[in-house]
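S.K.: Just dropping this structure here.
Read the figures in this text as sums done on the coordinates, not as results from a lab. Remember, predicted model here, so these are calculated numbers, not experimental data. Backbone-built Cβ (ideal geometry, glycine too); neighbour counts: all protein chains shown.
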Amino acid sequence: MTPLSAYLLVAALLFAVGLAGALTRRNAVLVLIGIEMMLNAANLNLIAFWRFGAHPEQLTGFLFAIFSIAVAAAEAAVGLALVIALWRHTRSVNLDEQTRMKG
Amino acid sequence: MTLDLLHLMPTDLFRILPEVVLTITGVLIMLVDASLPPHVDRRNLGWLAALGTVFALLASQAQLALLQLAERTGFYGTVETSTFSIFFHVLICGIVLVTLLIALDTLPENGHHKGEFFALITFGAVGMCLLTSAVELLVVFIALEISSIATYVLAGYRKENGRGPEAAIKYFLLGSFATGFFLYGIAMVFGATGSTVISEIATRVHTGGHPGLILLALGLMLVGILFKVSAAPFHIWTPDVYEGAPSPVVALMSTAPKAAAFALLIRILYGAFPALQPIWTPLLWLVAVLSMTVGNLAALRQHNVKRMLAYSSIAHAGYLIAAFAGAGNTGITAACFYTAAYASMNVGAFAVVTLISGYEDELPLIKDFRGVLYRTPVLGGALIFFLISLIGIPFTGGFFGKFFSFTTAMGGGAVWLVLIGLLNSGLAAAYYLRLIVSIAQKPEGESPVPPVAQPIGVAVSAALMLAIAATLVLGIAPGEVLKNAAEGAYELMPHSMQMVNSLVFF
Amino acid sequence: MHLILFILFAGLAIAGALNMLLQKHPINSALSLIVVMTSLAVLYLMLGAEFLAAAQVIVYAGAIMVLFTFVVMLLNAGREERTLGSKASWSVGFPAAVAILAIIASVILKAQGLGNAMLGDKITSTEQVSAVLFKELVLPFEVTSVLVLIAILGAVALARRGDGEERKDRR
């Protein structure tokens, strides 16, 4: 096993745990936490591929990860604002209780 | 405008001119909004946004001058100007313009933070436009996020009854979930090819190396994009979000971000992974069949008009994806044309639904639409026209869209797909006809006829007019649009895969 | 040395992730996520991405997670109740996660000749990073400003009370 595969496996594990969290959790904040972890796993992949890749001097993966952190921050801000808006109107952030629409 | 313009400004900036115009418009709206006293009506900001969108549309047209240059990409190879990108720029700016016109007349009178509403639509349009011209995955990713975040927020804009935040949070969580997959896919494709530039990825995929990683990357990215276009089995968010979001917003988000996402799908599939066509064609075959069938079967059971149209939009995503079964660039041509046809009829349908049901959805059910043709013949007639187009009856854009999509798939040898598609079209006619019958039925004598919820203003009439004109033009004289779509397809495809006699139908 | 650090912090990240998944109280999950992110920052440092490690700590562990804990405290959301719906989602969620993990892991382990390059002592300087950031990637950099602007605009528009609600409150 090369060092790269070790990093990639860690990233895959984090991605799977984040995915499980996003799918099984019913609290909107916890689902968001799971999604953040998935994005982090992708970042670790980018960095590992960049470091062990053929052209680390081009910095492609490195800079992609920086932008991805910025995007994740923007997404978290909007997501938490949404959670607050939901809480204010329904007094609940449990996704199972969000059944105002059916069809 | 001619090449003279090129001497006035750096070509790089010209390549993102529509986006620049839209960004400036958005910032202007925010500045004016902040400087106005609190209780002044912000309606005129909508006209400002519409004006900016018109300028962006003209700027996209002007970009045709760039096609004469040898160099097609700008900003160090991150954006590309081609007939393909201009086609989608014009389409998206057109949709945004129509949506802004609808919103101008239907947003509640005061206290609805209209300034932010218009600014969000304008900034969202920046992302959608950029998504269609980006040829580097970092720009693609950021543009996709801009368009997504704008639509998440807009979906939750009607906060008064709790359905808005519920729709928005569902949309947001599933959308970000899809973003996670998309980003992971990008990381994988970067690992396998060492590049994030789409044309370089295509070259390295073609020369081989790490086929497992590349397949995994393709799969993860497809999950991400198919979520955005609401194709089955990634469609579960669609009905709830369309029901909970304000109708003018649904008019936008069922068309413009989807058009951008379809452009991205085309670019990823044909631009980055053309070498894997034997693998992704059957996958999309399956997605197309699932989307059509699931969408139409579920739409049959709906009583709420917006939910019904939501499922119908899933089915339409299926008809569109069927075009990918076509060989070479005929598939792209048909898909581009279908996007335009679908957008014009769907945005029109939601414009009418906004007027009939009202911004707060006071009359949301199919039975509430009873007798609309007698109450306001113009609206009833317009809605029937759009529904006829959605069914796919000749002389409407919907007909040619389906016709091209299915003939292309047939040409690619997907006979079963076409058969299932035709069966589905018949099935779909049933629920569209149910709504048409309801509209055309005489209102019952004893029950007081509910008035149409919204008065028809100047802006929204213009929006309806534009949508009807576009649907009619696409249905009667599709040649020009088809020619542009075909040129775009020709430029997009790697030259090894060109089909010379691509325009079999004309 | 590298191996020991890797095992230590990769293990810590995975342990934190699992803890995030198994904790019932949202605040515990949020704190576990901070552990994951900080351990990842150490991994980035070991890979020679020092700027990114700093950004990870400042932006993720600092700003984003403070926001998360703040919202959790604000909502005062108690323990997550296990309802019937969540049982159904457990039976879907875990097999899906395991399947994804199996697919990705098998692809990674099968990939031949992937990243044979060894870790040299070449470390990127912040100067090099900015040279690329403001030249080749100037467009994504500028476009990110639109993204951040729209996120601020959206967050304000969402979290603020509408006029209709104020009327409702007064009643």
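S.K.: Would you order B:Asp41, B:Asp12, B:Asp368 from fewest to most other beta-carbon atoms within 10 Å of each residue's own beta-carbon?
M.R.: Listing B:Asp41, B:Asp12, B:Asp368 from fewest to most nearby Cβ atoms yields B:Asp41, B:Asp12, B:Asp368.
S.K.: Once you wrap a convex hull around the alpha carbon atoms of the range B:5-73, what is its projected area averaged over all directions, in nm²? Don't skip to the answer; put the middle values down first.
M.R.: On the way: hull surface 20.5 nm².
For the range B:5-73, the mean projected area of the Cα convex hull comes to 5.1 nm².
S.K.: May I pose another question? Once you have the Kirkwood Rh of the range A:3-96 from its Cα pairs, apply Stokes-Einstein at 20 °C and 1.002 mPa s and quote D in µm²/s.
M.R.: 147 µm²/s
S.K.: Give the order of B:Thr203, B:Thr132, B:Thr330 when sorted by the count of other beta carbons within 10 angstrom, beginning with the fewest.
M.R.: B:Thr203, B:Thr330, B:Thr132
S.K.: So what are chain B's ellipsoid semi-axes, whole angstrom, largest first, if each one is the square root of 5 times an eigenvalue of the alpha-carbon gyration tensor?
M.R.: Its equivalent ellipsoid spans semi-axes of 34, 27, 21 Å.
S.K.: Let me ask you something else. When a/c reaches 1.5 or more, the comparison of a/b and b/c decides; with that in mind, is the range B:350-403 rounded, prolate or oblate per its Cα gyration tensor?
M.R.: prolate
S.K.: For chain B, what's the relative contact order in percent, using C-alpha pairs closer than 8 Å and at least 6 residues apart?
M.R.: 16 percent
S.K.: Full extension from B:Leu297 to B:Phe395: what is 0.36 nm times the residue separation minus their Cα-Cα distance, to one decimal in nm?
M.R.: Using 0.36 nm per residue and subtracting the Cα-Cα distance, I get 32.7 nm.
S.K.: What spacing in nm lies between the two simple spin-label points modelled at C:Phe94 and A:Glu97, each 7 Å away from Cα in the Cβ direction?
M.R.: 2.6 nm
S.K.: Would you mind pulling out the separation of the Cα centroids of the range B:105-157 and the range A:4-40, in Å?
M.R.: 27 Å
S.K.: Let me ask something additional. Given contacts defined as C-alpha pairs under 8 Å and at least six residues apart, what's the relative contact order of the range A:25-103, whole-number percent?
M.R.: 43 percent
S.K.: What ratio of Cα Rg to 2.2 N^0.38 Å holds for the range C:1-80?
M.R.: Compared with the compact-globule rule of thumb, the range C:1-80 sits at 1.18.
S.K.: Let me ask something additional. Assuming 0.692 mPa s and 37 °C, estimate D for the protein assembly as shown with Stokes-Einstein, Rh taken as the Kirkwood radius over Cα pairs, in µm²/s.
M.R.: Values: Rh = 26.4 Å.
The estimated diffusion coefficient comes to 124 µm²/s.
S.K.: How about the range B:275-328: which trypsin sites (Lys or Arg not before Pro) there are in a DSSP loop, with at most 14 other Cβ atoms within 10 Å of their Cβ?
M.R.: Counting only loop positions with at most 14 other Cβ atoms within 10 Å, the trypsin sites (Lys or Arg not before Pro) in the range B:275-328 are B:Arg301.
S.K.: In the Gaussian network model of chain A, springs joining C-alpha atoms below 10 Å, which of A:Arg26, A:Arg51, A:Arg91 carries the largest mean-square fluctuation?
M.R.: With Cα springs under 10 Å in chain A, the top fluctuation among A:Arg26, A:Arg51, A:Arg91 is at A:Arg91.
S.K.: Hey, what number do you get for chain B at 222 nm if only DSSP H runs of n ≥ 4 count, each worth -39500 (n - 2.57), divided across all residues, to the nearest 500? Numbers along the way, then the final one.
M.R.: Numbers: 22 runs with 360 residues, N = 506.
Using -39500 (n - 2.57) per qualifying helix, the result is -23500 deg cm²/dmol.
S.K.: Continuing with the same structure: FRET efficiency for B:Arg434 and B:Val20, Cβ-Cβ distance as r, R0 = 45 Å, nearest 0.05?
M.R.: Step by step, r from the Cβ atoms, then E = 0.45.
S.K.: Could you work out how far the C-alpha centroid of the range C:8-59 sits from that of the range A:48-103, in angstrom?
M.R.: So the two Cα centres are separated by 16 Å.
S.K.: What spacing in nm lies between the two simple spin-label points modelled at B:Trp47 and B:Val32, each 7 Å away from Cα in the Cβ direction?
M.R.: 0.9 nm
S.K.: Follow-up question, since we're still on this one. In Å, what is the Rg of the alpha-carbon atoms in the range B:353-470, and how long is Dmax?
M.R.: 17.1, 56
S.K.: To continue, here is another question. Kindly identify the range B:308-352 as rounded, prolate or oblate by the Cα gyration tensor criterion: order the square roots of the eigenvalues as a ≥ b ≥ c, call it rounded if a/c is under 1.5, otherwise compare a/b with b/c, prolate if a/b is larger, else oblate.
M.R.: Oblate shape, in that a/c is at least 1.5 and b/c is the bigger or equal ratio.
S.K.: Counting GluC sites (Glu not before Pro) as exposed when in a DSSP loop with at most 12 other beta carbons within 10 Å, what is the longest stretch of chain B free of them?
M.R.: B:110-361
S.K.: Then there's this: I'd like the distance between the alpha-carbon centres of the range B:179-234 and the range B:357-406, rounded to an integer number of Å.
M.R.: Result: 38 Å between the Cα centres.
S.K.: Here's another thing I want to ask about it. Identify which of A:Ala73, A:Ala11, A:Ala48 has the largest mean-square fluctuation in a Gaussian network model of chain A, with springs joining Cα atoms closer than 10 Å.
M.R.: Evaluated over chain A, the most mobile residue of the options is A:Ala73.
S.K.: Taking θ = phi - 60°, what integer Hz values does the Karplus form 6.51 cos²θ - 1.76 cosθ + 1.60 yield along the range B:475-480, in sequence order, with x for Gly and Pro?
M.R.: x, 9, 10, x, x, 5
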